[in-house]
Amino acid sequence: MSAFLQATVYGLLQGGLLALVAVGFSLVWGVMNVVNLAHGSFVIMGAYLGWELQVHAGIDPLLGMFAAAAVMFVLGYAIQRWLINLVVNAPIFITLLLTFGLSLLIVQGMNIIFSANYRSISTGYASTSLSMGSVRVPLGRLIAFGIAVLVTVALVALVNRTRIGLAILATGMDRGAARLMGIPARHVYSLTFGLSAALAAIAGTMVGTVDTFSPAAAGSFTLLSFVIAVLGGLGNMYGALLGGLLIGLVESWAGLYLSGTWVNAMAFLVLVVVLVVRPSGLVGRAYYAARVEV
Amino acid sequence: MSTVTEAEPSFDRQATGSRLDWQRMLPWGLLALLMAAMLGLQSQLYIGQERTVTAIFMFVALAQAWNVIGGFTGYACFGQVVFFGIGGYATAVTMVHWHLSFWLALPLSGVGAALFGAVIGLPLLRLKGHYFAIATLGVAEGMREVVTNVPALTGGGAGITVPTVGEDATTAYLGNDGFYLLFLGIAALSLVVALVISRNRFGFALRAIHQDEDAAGAMGINTTRAKVLAFSISGMLTGLVGACYAFQQVVIFPDRLFDVELTVLMVVMVVIGGSGTVLGPLLGAVGLQYLSEYLRHSYTEAHTFILGAIIIVAVVFLPQGFVNYVREARRSGDYSLLANVRRYRL
Amino acid sequence: MSTPPVLETRGLTRRFGGLEAVADVSFSVPQGEILGVIGPNGAGKSTFINLVTGHVKPSSGTVLVHGKDMTGAKPWTLAQARVARTFQIVKPFRGMTVRENVAVGVLYGPNHAVTMARALVRADEVLDDVGLEGARDRGPAELSTADARRLELAKALALDPELLLLDEVMAGLRDNEIQPGLDLIRRLRDRGLTILVVEHVMKAIREVSDRVLVIHQGRVLTSGEPDEVLSDPRVIEAYLGKRYAERHEGESGA
């Protein structure tokens with residue numbers, strides 16, 4: 001029983017973090033119908049930025065994540081503005097391939113710069129843990145979880161309450177109409193992608209504080225993002241939070257009861273089942289215009 | 001919405017009768033000529049070159065297989081490698097546990113992959129666009145874990161060895177020359193299948209589904225049956241290639257047989273060459289695999305990096321693929337690549 | 001025994017979430033009739049056609065074609081049963097010529113045992129019929145709005161249908177383009193086709209329909225002779241709102 005409780009707590013904490021990994025991916029997909037296969041590589045890039053700042057400048061990752069986010073925002077903005085915008089109206093093979101090419105480039109670039117070795121961002125609090133009865137709560141994971149939830153809430157507020165956020169929403173719902181209202185779609189798309197990259201960087205820095213990472217993990221973060229975005233309904237940010245928690249729990253429980261690497265298959269199992277049974281996600285209908293295109 | 005390039009009057013030729021009969025036969029003639037040339041080429045190659053060309057044959061077959069579901073039917077399968085893995089493991093497992101000859105295991109693997117395609121195709125082909133792409137990707141990743149986690153059957157992560165030497169050998173290893181011919185045969189088979197589909201009723205139905213599935217259904221095409229059949233054929237061809245690959249490699253691992261990068265290579269080759277045509281994926285596979293081998297030798301470390309850059313440049317400047325680009329440019333007289341970029345940009 | 005109607009629906013209903021897009025629609029179309037279906041935007045007319053042709057599955061109710069239960073049948077099954085339709089937003093095969101577009105229906109429709117050469121010959125006949133013979137080698141993207149609608153109709157006629165469901169084939173056409181369309185519909189009826197015309201253009205409905213069915217908020221509001229139905233105050237109210245209807249009544253009463 002206590003093992004189950006421990007797994008549940010761990011799963012929830014991990015799930016919050018996964019939600020933060022996925023929320024930017026979901027935003028980009030919902031607003032511009034681009035499945036960004038480079039999203040996982042942005043997460044890992046964020047982790048390396050956090051690591052660099054901590055190792056070479058002694059900056060705590062809780063501060064460093066903001067710097068990493070700023071850098072990734074600029075990079076994300078530029079990638080969308082001068083690259084993805086060029087093919088945003090093309091059939092989906094094209095955007096999938098483009099972002100996959102981008103991912104190859106970034107992952108291999110990181111391999112060359114940082115090597116393929118596993119690293120982690122070590123902090124004083126990561127190894128501390130709180131005891132609540134028989135359940136142990138690692139402080140580092142609790143902090144990462146808290147930040148994940150805060151950032152998701154802040155993102156929802158940003159999107160729903162600010163001019164920029166409303167411009168993003170409007171463009172996502174109907175780009176043509178938004179353009180007629182004087183919203184510059186190119187700029188808004190670039191902002192959205194930049195925002196998504198910044199969120200990935202924060203998530204990456206947090207991943208780095210609680211776990212080891214290497215460039216090779218990029219692919220699995222992209223896939224998890226996809227699973228979570230689908231579970232939550234694309235573009236639905238609270239949905240992403242829910243999807244993240246669910247995947248965290250499923251993986252954690254599976255780790256408790258299943259042997260070997262079956263755990264890795266769980267997320268995909270959930271994905272395929274959900275897609276076949278309930279393609280619009282767990283949380284009702286898609287939040288944005290659900291454009292299903294070929 | 002998919003943007004399909006301009007009308008291609010393929011059937012008009014047949015309607016106008018014998019006048020253009022030679023044009024109908026031309027691809028078949030060229031294919032036969034190509035095969036003869038490849039057979040002649042073999043004796044001229046060093047061992048290293050022979051291996052390179054063998055690998056090119058393998059990718060010609062894979063690209064053409066993906067073309068059937070992705071190019072003709074318009075369903076972006078991002079888990080195509082699952083058929084490769086199933087074909088490879090079906091061969092290895094039946095050769096090890098049932099002591100089958102490779103020549104029996106090979107067709108069995110093809111049938112197995114085709115059946116698997118039908119079984120997952122029925123639910124998954126109801127999904128469209130990104131959802132289909134990623135659901136198939138999920139199936140491939142999941143299948144890799146399944147294969148990894150039943151070591152009694154598949155050897156698990158430590159791999160499985162195809163019995164080709166010693167007392168257990170069911171079929172002797174073919175050697176470089178043998179595999180050259182084997183993969184040439186598979187490449188020829190996939191080209192023939194693609195060529196037949198591109199010109200018959202079934203291919204016409206697939207094109208209709210690609211261009212507007214609702215309208216295709218309303219005009220009497222059983223879209224479910226056509227899609228599942230296309231997926232099965234595509235899976236069968238991919239499975240056959242996987243079977244040959246397993247035999248060639250002798251020791252196979254789940255991580256290699258279910259490597260997502262293999263899927264992406266198929267997609268890239270088809271898209272860059274020109275999806276939905278027969279010539280495009282052929283050129284894409286030959287060109288990209290040759291380039292890839294060259295990069296691997298010359299820039300070992302940065303090889304993937306350069307490949308990524310090439311993909312990006314290619315999809316931005318040639319989004320409709322090389323063959324379709326040439327076709328349109330010849331019709332309109334406009335060879336500008338910038339016009340291409342303008343087409344899909346925001 | 002009398003022959004069953006070509007199309008009959010009983011209690012046809014479709015819910016999307018909490019919304020009843022089509023609610024309890026029952027009616028029948030006898031052989032050789034032109035039935036006009038009208039209703040304000042969002043009344044459920046297109047959903048209704050989609051329910052009949054299998055593009056949307058009904059939540060409840062029955063669809064009978066020639067008395068045979070076709071509820072929830074797939075679109076291609078209905079096409080094989082000689083039920084053809086057009087789409088409100090035209091759906092050409094963009095990579096094919098106009099001629100090939102029509103040939104798809106000849107090849108895969110109820111007469112499917114033909115060669116491709118035969119299919120193209122038959123496609124040409126259909127194109128002559130709708131007045132598109134000059135455009136047969138063009139791509140659909142090069143067609144004008146009116147010609148794109150003609151192609152949509154030609155694709156449906158390629159199935160040699162007995163029942164034709166036309167979803168706003170006149171929308172966006174100029175007045176001088178509507179008349180030839182109406183003539184064509186009448187000609188098709190004279191050949192024995194049964195036709196259901198969903199239309200926004202009132203003039204067209206009044207002129208061509210034998211009977212008119214009004215759908216409002218997913219339900220059948222009324223049905224009957226065109227002139228009678230179109231002057232029914234409930235219909236005017238549904239289209240133009242209560243205040244306009246009252247004023248209209250006041251004026252005509254004065």
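Only the coordinates and a few stated rules stand behind these numbers; no lab work does. The shown structure was predicted, so the numbers you read here are calculated from the model rather than taken from an experiment. Cβ coordinates were reconstructed from backbone atoms using ideal geometry, including for glycine residues, and neighbour counts include every protein chain displayed.
Miscellaneous remarks
- Here B:57, C:27, A:42 are placed in order of increasing Cβ neighbour count within 10 Å, fewest first, which gives C:27, B:57, A:42.
- Length-normalised contact order of segment B:10-344 in % [C-alpha pairs under 8 Å, at least 6 apart]: 29
- A Förster distance of 22 Å, applied to the separation of the beta-carbon atoms of residue B:122 and residue C:60, puts the FRET efficiency at 0.25.
- Each Lys or Arg adds one and each Asp or Glu takes one away; over the other residues whose Cβ falls under 13 Å from the Cβ of residue C:228, this sums to -1.
- Note on C:108, C:239: ascending count of other Cβ atoms within 10 Å places them as C:239, C:108, the fewest first.
- Theoretical ellipticity at 222 nm over chain B - DSSP helices of four or more residues, -39500 (n - 2.57) apiece, nearest 500: -24000 deg cm²/dmol
- Within a straight-line Cα-Cα reach of under 29 Å, residue C:45 can be paired with the following lysines, leaving aside sequence neighbours fewer than 8 residues apart in one chain: B:128, C:57, C:68, C:74, C:91, C:155, C:203, C:242.
- Alpha carbon convex hull of segment A:132-200, volume per residue in cubic angstrom: 91
- Note, ³J(HN,Hα) from phi for segment B:330-346, Karplus 6.51, -1.76, 1.60, rounded to Hz, x at Gly and Pro: 5, 6, 9, x, 9, 9, 5, 6, 5, 4, 4, 5, 4, 4, 10, 7, 7
- In sequence order, segment B:102-115 has phi-based couplings of 4, 5, 9, 5, 4, x, 4, 5, x, 5, x, 5, 5, 5 Hz under the Karplus curve 6.51 cos²θ - 1.76 cosθ + 1.60, θ = phi - 60°, and Gly or Pro positions carry x.
- Using the Karplus relation 6.51 cos²θ - 1.76 cosθ + 1.60 with θ = phi - 60°, the per-residue 3J(HN,Hα) values for segment B:132-148 come to 5, 4, 7, 5, 5, 4, x, 4, 5, 5, x, 5, 4, 5, 4, 4, 5 Hz, with x marking Gly and Pro.
- Relative contact order [Cα under 8 Å, 6+ residues apart], segment B:241-346, whole percent: 24
- Between helix A:2-32 and chain A: long-axis angle, C-alpha atoms, 0 to 90°, nearest 10: 10
- Whole-number percent relative contact order across chain A, with pairs defined as alpha carbons under 8 Å at least 6 apart: 39
- Cut-off 15 Å between beta-carbons: net charge of the residues surrounding residue B:144, Lys and Arg +1, Asp and Glu -1: -4
- For chain C, the longest principal axis of the Cα atoms and the long axis of helix C:175-190 meet at an angle of about 80 degrees.
- Per-residue Cβ neighbour rank within 10 angstrom, fewest leading, B:54, B:171, B:238: B:171, B:54, B:238
- Count Lys and Arg as plus one, Asp and Glu as minus one, and take only other residues whose Cβ is under 11 Å from that of residue C:10; the net charge is then -3.
- The Cα-based radius of gyration of segment B:78-169, divided by its Kirkwood radius, gives an Rg/Rh of 1.04.
- With the gyration tensor restricted to C-alpha atoms of segment B:10-344, the semi-axes of the equivalent ellipsoid amount to 32, 24, 21 Å, longest first.
- Fraction of beta bridges assigned by DSSP in the protein assembly as shown that are antiparallel (%, nearest 5): 60
- Segment B:112-182: GluC sites (Glu not before Pro) in DSSP coil with no more than 13 other Cβ atoms inside 10 Å: B:167
- For segment C:1-35 and segment C:96-110, distance of Cα centres in Å: 29
- Dipole moment magnitude, nearest 20 debye, the protein assembly as shown about Cα centre, only Lys, Arg, Asp, Glu C-beta charged: 620
- Built amide H within the under 5 Å cut-off of residue A:121, gap 5+: A:209, A:211
- When only alpha carbons are used to place a centre, segment B:184-205 and segment A:43-103 end up 42 Å from one another.
- Modelled label reach - residue C:89, point 7 Å along Cα→Cβ, segment B:190-230 residues with backbone N closer than 14 Å: B:212-215
- Across segment C:90-160, counting alpha-carbon atoms alone, Rg and Dmax equal 10.7, 33 Å.
- Shielding by other protein chains, C:72-85, mean Cβ within 10 Å: 4
- Cα radius of gyration and Dmax for chain A (Å): 18.5, 60
- Efficiency of FRET between residue B:196 and residue A:212 - r from beta-carbon atoms, R0 56 angstrom, step 0.05: 0.65
- Helix A:262-277 and the longest principal axis of the Cα set of chain A meet at an angle near 40°.
- Here the label points at residue A:63 and residue A:186, each 7 Å from Cα along the C-beta direction, are separated by 3.9 nm in the simple model.
- The equivalent ellipsoid of the protein assembly as shown has semi-axes of 49, 38, 25 Å, largest first, where each one is the square root of 5 times an eigenvalue of the Cα gyration tensor.
- The base-10 log of I(q)/I(0) for chain C, evaluated at q = 0.16 Å⁻¹, reads -1.21 [Debye formula, identical scatterers on Cα atoms, solvent excluded].
- The packing ranking, built from the mean of other Cβ atoms within 10 Å per residue, places the peptides C:123-136, B:308-321 in the order B:308-321, C:123-136, highest first.
- Per-residue mean of foreign Cβ neighbours for B:141-154 is 4 (Cβ atoms of other chains, 10 Å radius).
- Sequence-distant residues sharing a close amide H with residue C:94 (under 5 Å, placed H): none
- Amide proton proximity set for residue C:221, modelled H, under 5 Å, gap of 5+: C:214, C:215, C:216
- Distance from segment C:132-203 to segment A:141-202 (C-alpha centre basis), Å: 45
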